[in-house]
Amino acid sequence: MNPKPEHEPRLSSAFVELLLLEGRRFSTPLLIAAAFSVLVVAQAVRVGTPATDVGAVLLFLLLALPPLSLPLLAIYWGFSTLGDEWRGHTHQLLLSLPVRGRTILGAKLVAAGLGLSALSLVGGGLSWWRLVHGRVLERLDLGRERFTIEAATSVSQAGLVLVWFVATLLMLFTAALLAYAIGRTARRLQGWAAGASFIGLLGVWALVPLEPVTRWLPSIGCQIGGPPGPCLFSPAEVMFDALLVGLMWWVAARLWDRGVVEA
Amino acid sequence: MVAVETRELSKRFASRWALRGISLSIDRGDIVGVLGPNGSGKSTLLKLLAGVQRPTSGLISVLGQTPGQDTKRRSAYLPEVDHYYPGMTGRRAIRFLGAFFPGFDSHLALRLLELMAVSPDEAFGSLSRGHRARFKLALALARQAELVLLDEPLGGIDVLSRERILHAILHEYRVGEQTIILATHELHLVEGLFDRVVILKEGRIVLAAPADQLRSQWSHSIEGIVREVCA
Amino acid sequence: MLRKPFDPHIPIYVQILAAFQRALARGDLTPGERAPAVRDLAMTLVVNPNTILRVYQQLEAEGFLLTRRGLGTFVTADAEVLSRLRTRLADAAATTYLEEMEALGFSREVAVERLAHVPRPVPREGDE
């Protein structure tokens, strides 16, 4: 007796349901981001650029929070997106669904991408706006040699930086997700296995030499100005991150499908 | 017509064999009890049938196929743990399942929740133990799946909930068409349900036969037989 | 009809079949009346519907139940069949008694004679 093909679940609605499940993960960070935005805008409107050095330093530190905290958040999300499922036993619900691991994990990835993008835009965008257009950096007189940010005032330049930033965050997220899955396949010391896998994956990311590849790619967006050197915000980096994210997602999906993750 | 067939099915976790050489055959339309003490491998067997885990070795065939996406669609698995998200209400869960299982009958699901006296607007996490069990079962039965796998559906819950659960199972059971495999270590009130029983001990089958046949041979209740055989 | 819960030490099929035969013999099931629905009975007794189905099949084979397509299953209206059942069950009960008495060493005449002296049992609560 063969199953009828028309009874395949509609992937779109299934995917949306999975996305909605992830929504609860974002509520707190988004609220914090909203509060941050209000804070920054209010400060800009009322005080403008601080007259004192101390004021400017404090403001700089505040504005530096998103770029520093978001990578940590991405890592935390990466581990908890599967960790929460196992802790709450809801992984049994997901495993019983007639969809492949790539759909389940794909939804998590997309949700993380959307969430991290929103947070980067709000947090990163506002920070950028204040630091550059609000002339906070200028006030701190950090000099063009150090940051060469001044030239990056056009929207497209900022856009590329944002894309690079989000790609890096997603890379961290996916590495954590895969590390957790690998940890789950170990019979004992799952936490250690996950941690070691994560460090291993970051190592691969950091140490794979890109130079042989980037040499052949046009360096659009790399003309941020300032002294020549490793191009931090290059499209090659973004593409590499995207490739790595895809690879890690695929491996995690395979682990999921093979049932090794339910140790 | 065979619903489930396994041959020398085995599953190992680390150094422990949860199942060893399980060979059985379950006909379509039967209600089968998988019995035995805790740790005998009942849950593992059901997980393998549900496709939630892969076997270490041996053959397994569910509804004529190897467990996978297709069999997940055609079978309904109820794990022992509370596997719904704590924030999910009945309605939300119905919508969720409806997106994955095309044949899912939302109206039936609501009716079953009502039958089991569970409010569809209350969050899963805020329900009592017995109500969580009813919630899970209502949604599993609403799937109207060809194969229903229930892992300890009556585990440690109040008598009233047990009665409602058994009532609902019998109410929805499609005679001759639906196959139900129920794993339990508590047989009080339940043993009358089974056409056949499979008794597991330390991962192996010690006895597998029609329930009435065993009663006739042993002049004992199934509960008594399990106790004696697994002592 | 069947006292719930059933005795789990005896095959359920046997108990349900016996209960039905008793009910038919006593007239608890009106001839021509519709037989209880398999599912309802299963839910009441908390037993497998397949078991009840098998009982119905056996009763049908013996002529006590009739299935009319599209209408359902009915108790036979054939008085002859029911009377033969009553006789059969009565003979079986009597044979059991006589065999037991013989095993105890009583002669058949004594066994028959003793019947007149057996006191009537006080009706128990819940007996139909």
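Some points to look at:
- Residue-wise HN-Hα couplings along region B:49-54, as the Karplus relation 6.51 cos²θ - 1.76 cosθ + 1.60 with θ = phi - 60° gives them from phi, are 5, 6, x, 7, 9, 9 Hz; Gly and Pro carry x.
- Residue exposure sequence - C:20, A:79 - by fewest surrounding Cβ within 10 Å: A:79, C:20
- Neighbour counts of C-beta atoms inside 10 Å place B:194, B:104 in the sequence B:104, B:194, starting with the fewest.
- Long-range HN-HN contacts of residue B:197 with modeled amide H, under 5 Å: B:33, B:209, B:211
- When the charge dipole of the protein assembly as shown is built from unit charges on Cβ atoms (+1 for Lys and Arg, -1 for Asp and Glu) and taken about the Cα centre, the candidate among C:72, C:14, A:57 whose Cα reaches farthest toward its positive end is A:57.
- Karplus (6.51, -1.76, 1.60) ³J(HN,Hα), θ = phi - 60°, over region A:59-71, in Hz, Gly and Pro reported as x: 4, 4, 4, 4, 6, 7, 4, x, x, 7, 7, 4, x
- Each DSSP beta bridge with both residues in the protein assembly as shown is either parallel or antiparallel, and the antiparallel ones are about 60%.
- Rounded to 5, the percent of DSSP beta bridges in region B:2-229 classed as antiparallel: 55 percent
- Positive-end ranking of B:154, B:188, B:112 along the dipole of region B:68-189, with charges on Cβ about the Cα centre, is headed by B:112.
- Label reach from residue B:217 (point 7 Å along Cα→C-beta): in region B:20-40, no amide nitrogen lies under 11 Å.
- FRET efficiency, residue A:190 to residue A:27 (Cβ-Cβ, R0 25 Å, nearest 0.05): 0.30
- Length added when fully stretched, residue A:65-residue A:86, from 0.36 nm per residue minus Cα-Cα: 4.5 nm
- The amide H of residue B:36, built 1.01 Å from its N in the peptide plane, has B:184, B:200 as neighbours under 5 Å, considering only residues 5 or more places off or on other chains.
- Once both labels are positioned 7 Å from their Cα atoms along Cα-to-Cβ, the gap between residue C:53 and residue C:14 label points is 2.4 nm.
- Top positive-direction residue, dipole computed over the protein assembly as shown with Cβ charges, set C:118, C:52, B:125: B:125
- Axis of helix C:49-61 versus longest Cα principal axis of chain C: the two differ by about 70°, to the nearest ten degrees.
- Principal-axis analysis of the Cα atoms of chain B puts helix B:106-115 at an angle of about 80° to the longest axis.
- According to the calculation over all Cα-Cα pairs in the protein assembly as shown, the P(r) per 20 Å bin from zero is 16, 37, 25, 14, 6, 2, 0 %.
- For residue B:12, residues with placed amide H under 5 Å, excluding near neighbours: B:18, B:56
- Residue-averaged 222 nm ellipticity for chain B, from DSSP H runs of 4+ at -39500 (n - 2.57), nearest 500: -10000 deg cm²/dmol
- A Förster radius of 51 Å combined with the Cβ-Cβ distance from residue C:80 to residue B:110 puts the calculated FRET efficiency at roughly 0.50.
- Neighbour-count ranking [beta-carbon atoms within 10 angstrom, fewest first] of B:201, B:42: B:201, B:42
- The protein assembly as shown: Lys pairs at Cα distance under 25 angstrom, eight or more positions apart or on different chains: 16
- Contact order normalised by residue count of chain B, Cα under 8 Å, 6+ apart, percent: 27 percent
The numbers here are math on the coordinates, done by the rules we state, and not lab data. All of these numbers come straight from a predicted model, not from anything done at the bench. Positions of Cβ are generated from backbone atoms using ideal geometry, with glycine treated the same way; all protein chains shown enter the neighbour counts.
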